[in-house]
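A.B. asks: Structure incoming, see below.
The values are calculated or read from the model by the stated rules, or taken from the named source; none is laboratory data. Here the structure is a predicted model, which means the values were calculated and not measured. No Cβ is skipped: glycine too gets one built from the backbone with ideal geometry, and neighbour counts run over all protein chains shown.
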Amino acid sequence: MDLPLGERRRRLVDTLADARPPVHVTPATDSPDLARRWFEEFEGAGLDGVIAKPLELPYQPNKRVLFKLKHERTADCVVAGFRWHKSGPVVGSLLLGLYDDKGVLQHVGVSASFTMKRRAELLDELGPYRMDGFAGHPWEGWARQTEDTADRLPGAVNRWSGGRSHAWEPLRPELVVEVAYDGMEGDRFRHTARFRRWRTDRTPASCGYDQLEVPVAYDFDEIFTDPNPAA
């Protein structure tokens with residue numbers, strides 16, 4: 001544990017020199033150029049980014065002594081509903097949608113992680129768009145979802161949530177918000193999106209999947225071919 005990372009890494013590579021799949025040594029490099037190339041290419045294999053660690057540091061249990069370098073892109077989404085916060089009558093998360101090529105508003109994820117002050121402000125800002133019920137809402141049928149439903153839709157019972165409510169309040173799909181996201185998993189955001197700003201200059205109908213960047217596909221298996229690749 002007292003050895004610097006560079007030496008620990010060298011010993012790891014030597015020890016596992018004869019390892020074969022499914023055992024791999026994660027590739028590493030001290031070349032900035034190669035790291036930048038990985039940052040772009042590996043996204044196409046479904047990875048969020050790269051991790052950087054100072055070579056001179058000893059092993060430090062329970063300390064975050066690394067740097068996560070993650071992709072961040074933005075998208076303009078329709079806000080079609082919200083969930084209440086567990087602590088009380090303020091906004092917990094915004095339900096986001098994008099229109100597909102058939103003109104159907106698809107649920108793509110949520111935006112959350114607001115301060116309590118901001119949650120209260122959002123409730124006032126969403127007030128004019130709240131609906132009395134689900135009738136006429138693009139996601140009207142989703143209120144009747146059950147645990148056996150194939151698609152993970154807003155309000156659907158989540159078998160992994162330990163009984164936590166996923167009830168949601170419908171909004172007229174007229175608000176557009178710009179959010180930041182790390183990447184996609186299928187047709188949805190991989191992680192919770194981050195609120196950036198309201199886009200009053202955009203119409204909901206203009207918020208489609210065509211605005212999203214699609215990373216070049218990359219073979220995940222090729223990433224592990226050499227633990228110490230040359231630049």
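A.B. asks: Condition test on residue 132, is it over 23 Å from the mean Cα position of the chain (by Cα), more than 23 Å from residue 45 (Cα to Cα) and at pLDDT below 85? Before the answer, list the steps.
C.D. replies: Values: over 23 Å from the mean Cα position of the chain (by Cα): yes; more than 23 Å from residue 45 (Cα to Cα): yes; at pLDDT below 85: no.
Considered against the rule, which asks whether it is over 23 Å from the mean Cα position of the chain (by Cα), more than 23 Å from residue 45 (Cα to Cα) and at pLDDT below 85, residue 132 comes out as no.
A.B. asks: Within segment 1-37, count every residue that is hydrophobic (A, V, I, L, M, F, W, C) and either within 18 Å of residue 51 (Cα to Cα) or in a helix (DSSP H, G or I) (or both).
C.D. replies: Summing the residues that are hydrophobic (A, V, I, L, M, F, W, C) and either within 18 Å of residue 51 (Cα to Cα) or in a helix (DSSP H, G or I) (or both) in segment 1-37 gives 7.
A.B. asks: What tally of residues in segment 90-129 results from selecting those that are among the charged types (D, E, K, R) and touching a strand residue (DSSP E or B) at 6+ places or on another chain (Cβ under 6 Å)? Walk me through how you get there before you give the answer.
C.D. replies: Step one: of segment 90-129, the residues among the charged types (D, E, K, R) are 100-102, 117-119, 121, 124-125.
Keeping just the survivors that are touching a strand residue (DSSP E or B) at 6+ places or on another chain (Cβ under 6 Å) gives 100, 119.
Residues meeting the conditions: 2.
A.B. asks: List pairs: first residue in segment 167-195 and at pLDDT 90 or above, second residue of a type in the set (S, T, N, Q) anywhere in the structure, Cβ distance under 6 angstrom, at least six positions apart or on different chains.
C.D. replies: So the pair list comes out as 178/74; 179/111; 180/74; 193/111; 195/111.
A.B. asks: Looking only at strands (runs of 3 or more DSSP E) that fall completely inside segment 45-143, which ones have 3 or more residues that are surrounded by 18 or more Cβ atoms within 10 Å (Cβ to Cβ)?
C.D. replies: Working: elements: 49-52, 67-70, 73-85, 88-99, 105-111.
Passing ranges, in order: 73-85, 88-99, 105-111.
A.B. asks: Checking residue 22 against (1) free of Cβ contacts under 8 Å to residues at least 24 places away in the same chain; (2) over 23 Å from residue 185 (Cβ atoms): exactly one of these is not met. Which one?
C.D. replies: (2)
A.B. asks: Could you grab me the full set of residues in segment 47-84 that are touching a helix residue (DSSP H, G or I) at 6+ places or on another chain (Cβ under 7 Å) and under 29 Å from residue 176 (Cβ atoms)?
C.D. replies: Passing the criteria: 49, 71, 75, 76, 78, 82.
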